[in-house]
């Protein structure tokens with residue numbers, strides 16, 4: 001929900017798809033950042049990374065859907 005609020009543009013996808021993509025992006029960014037040693041579990045940077053990951057996944061989904 002935070003990623004959709006922060007991402008500019010008009011998205012015509014439903015709330016369920018938004019939530020699923022947000023969860024997927026946040027999980028990928030959280031575990032990816034921890035695996036790379038960028039941050040550790042429980043740090044505030046993990047939340048920021050999860051939001052950024054969710055935004056990236058939303059953007060990629062919109063690019064794929066439009067083409």
*Report the FRET efficiency, 1/(1 + (r/R0)^6), for residue 13 and residue 45, where r is their Cβ-Cβ distance and R0 is 25 Å, rounded to 0.05.*
0.35
*asked:* I need the peptides 33-45, 49-61, 17-29 ranked by packing, meaning the mean over residues of other C-beta atoms within 10 angstrom, with the highest value on top.
replied: 49-61, 17-29, 33-45
_Kirkwood hydrodynamic radius (C-alpha pairs) into Stokes-Einstein, the stretch 14-66, 20 °C and 1.002 mPa s, D in µm²/s_ = 191
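Bear in mind these aren't lab numbers, they're just calculated from the coordinates by the rules spelled out. All figures in this text were calculated on a predicted structure; none of them were measured in a lab. Cβ atoms come from the backbone with ideal geometry, glycine included; neighbour counts cover every protein chain shown.
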